[in-house]
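Colleague: Below you'll find the structure I mean.
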Amino acid sequence: MKISKVAEILNAEIRCCEDRKDDEVCSACGSDMMSDVLAFVKDQAVLLTGLVNPQVIRTAEMMDMRCIVFVRSKQPTQEMLDLATQCGIVVMTSKRRMYEACGMLYVAGLNNLREA
């Protein structure tokens, strides 16, 4: 699924790296605990979170994520957007709650199922 489709499904605003909106993503995860993301996430291209601090960008960079969606109308700081731009990570904001956003993406086919 293209990042632009993720934005469309979640009615999200792309805040940086819009030039990467045609990049493909195949899975997602939702968490406000970056320790869980580091411990359990593998091959997740989209991170959905309500945690707003620079550590979210650093975690996404370490895990080779392509996109972060801040849910619940959370707004990243300019410092975070600058860091995401340096890392080439698309940042979006959405009014959706995390549970709702994850469910919408799952139903739309972003479910981490790999073809054999």
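The values are calculated or read from the model by the stated rules, or taken from the named source; none is laboratory data. Everything quoted here is computed from the prediction, not taken from an experiment. As a convention, Cβ positions derive from the backbone with ideal geometry for all residues, glycine included, and neighbour counts pool all protein chains shown. Calculation scope for accessible area: heavy atoms of the full protein, side chains included, ligands and nucleic acids excluded. Shrake-Rupley method; radii C 1.70, N 1.55, O 1.52, S 1.80 Å.
Colleague: Mind listing the long-range amide H neighbours of Ala28? Cut-off is under 5 Å, sequence gap 5 or more, other chains count too, H placed in the peptide plane at 1.01 Å from N.
Modeller: Here Ala45, Val46, Asn112 satisfy the definition.
Colleague: Name the long-range amide H neighbours of Val91: under 5 Å, sequence gap of 5 or more, or other chain; modelled H, no Pro or chain starts.
Modeller: It is Arg15, Cys16, Ile68, by chain and number.
Colleague: Restricting to DSSP loop positions (anything but H, G, I, E, B) with no more than 12 other Cβ atoms inside 10 Å of their own Cβ, which GluC sites (Glu not before Pro) remain in region 30-116?
Modeller: Glu115
Colleague: Right, here's the next one. Among all the aspartates and glutamates, which ones have a C-alpha under 17 Å from Lys42's C-alpha, if same-chain residues fewer than 8 places away are not counted?
Modeller: Partners within reach: Glu24, Asp32, Glu61, Asp64, Glu115.
Colleague: Report the residue, chosen from Leu81, Leu51, Leu38, that carries the largest GNM mean-square fluctuation when the chain is represented by alpha-carbon nodes joined by springs under 10 Å.
Modeller: Highest fluctuation among the options: Leu38.
Colleague: While we're on this one: Using a cut-off of 14 Å between beta-carbons, work out the net charge of the residues near Val71 (Lys and Arg +1, Asp and Glu -1, Val71 not included).
Modeller: +3
Colleague: Residues of region 3-107: accessible area per residue at 1.4 Å, in Å²?
Modeller: 52 Å²
Colleague: Counting DSSP beta bridges in the chain, what percent are antiparallel, to the nearest 5?
Modeller: 25 percent
Colleague: Also, I was wondering about something else. How many percent of the accessible area of the chain is carbon or sulfur, using a 1.4 Å probe?
Modeller: Heavy-atom surface of the chain belonging to carbon and sulfur, 1.4 Å probe: 48 percent.
Colleague: Quick one: compute the contact order of region 1-68, relative version, from alpha carbon pairs under 8 angstrom and 6+ residues apart, as a percent. Walk me through the numbers before you get to the answer.
Modeller: Values: 82 pairs, mean separation 19.1, N = 68.
Relative contact order here is 28 percent.
Colleague: With θ taken as phi - 60° and the coefficients 6.51, -1.76 and 1.60, list the Karplus ³J(HN,Hα) couplings across region 15-21 in order, rounded to whole Hz; mark glycine and proline as x.
Modeller: The phi angles translate into 9, 7, 6, 4, 5, 9, 5 Hz.
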